[in-house]
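Here's the structure we're looking at; comments come further down.
The values are calculated or read from the model by the stated rules, or taken from the named source; none is laboratory data. All figures in this text were calculated on a predicted structure; none of them were measured in a lab. Note that we place each Cβ from the backbone using ideal geometry, even for glycine, and neighbour counts take in every protein chain shown. Just the protein is used for accessible areas: all its heavy atoms, side chains included, with ligands, DNA and RNA removed. Shrake-Rupley method; radii C 1.70, N 1.55, O 1.52, S 1.80 Å.
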Amino acid sequence: MPKQVDHEERRRAIAEAVLALLAAKGSEGASLRTVAAEAGVSMGAVQHYFKTKDEMILFALEYGNENLAVRMRRRMAEHPDAPARDLYRYFFTRLLPLDEESRRGARVWMAFLARAAIDPATQKLAAEAYANLTAFVRTQLAAVGVPAESLDRASHHLVAVLEGLRYPLLLGARTPEETLAVLDAQLGTIFDADPNARFGVSGSGEGTVG
């Protein structure tokens with residue numbers, strides 16, 4: 001009997017290989033051949049699912065974004081009564097390169113942005129990821145009682161602070177302590193008026209990045 005192939009599992013394995021290579025070598029290192037070797041499959045198997053490198057990388061980036069969103073939603077749902085500020089701090093620190101897993105995510109996102117600057121399809125995905133992240137943050141701020149007139153400013157500021165902190169930290173231009181001090185100061189502008197506000201889980205959060 002021929003061995004049955006789990007096609008979804010094979011596509012996920014290829015996506016994981018692409019993300020590993022993006023983190024280690026950037027998009028130039030993620031060729032069809034190197035991805036096949038990293039995933040432990042033949043080059044023909046990769047080409048069966050993805051006709052071009054662009055198609056393969058785009059799928060992997062979408063896969064990575066969706067996985068991050070699922071992990072974040074699960075974590076937040078596990079602690080519905082935690083102070084909102086604590087959950088937000090957890091959420092944003094997971095997107096900052098403070099440990100090996102999140103450094104890998106930041107390296108992938110850096111390669112993603114470099115590609116988005118020249119590739120329209122990747123640019124569209126990056127723009128959607130930013131829009132979805134901002135919308136998710138806005139929804140959660142509304143759930144903890146941030147005034148409606150402040151929601152746009154607060155959500156855009158938090159996302160801008162995140163992006164402004166991510167790459168100086170990744171490149172060693174800022175220390176983790178300096179980075180977290182800036183993040184805490186920004187969270188303080190939102191939550192210090194009511195530090196005991198509770199976190200309400202709502203919205204999908206799909207499309208978050210890193």
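Residue ranges 109-116, 176-183 sort as 109-116, 176-183 when ordered by packing (mean number of other C-beta atoms within 10 Å per residue, highest first).
For the chain, the longest principal axis of the Cα atoms and the long axis of helix 148-170 meet at an angle of about 50 degrees. The slack between Glu55 and Arg74, meaning 0.36 nm per residue of separation minus the straight C-alpha distance, is 3.9 nm. Counted residue by residue at 0.36 nm each, then reduced by the alpha carbon distance between them, the extension gain from Asp184 to Asp6 reaches 59.6 nm.
Would you work out what percent of the accessible area of the chain, with all protein chains in place, is carbon or sulfur (probe 1.4 Å)? So the carbon and sulfur contribution to the accessible surface is 53 percent. Computed over the stretch 69-149, relative contact order equals 13 percent, with contacts defined as Cα pairs under 8 Å that lie 6+ residues apart. FRET efficiency for Asp152 and Asp99, Cβ-Cβ distance as r, R0 = 22 Å, nearest 0.05? Calculated value: 0.10. Potential lengthening of the chain between Ala82 and Tyr130 amounts to 14.7 nm, from the contour at 0.36 nm per residue minus the alpha-carbon distance. Accessible surface computed residue by residue for the stretch 82-192, with neighbouring protein chains in place and a 1.4 Å probe, gives 46 Å² per residue.
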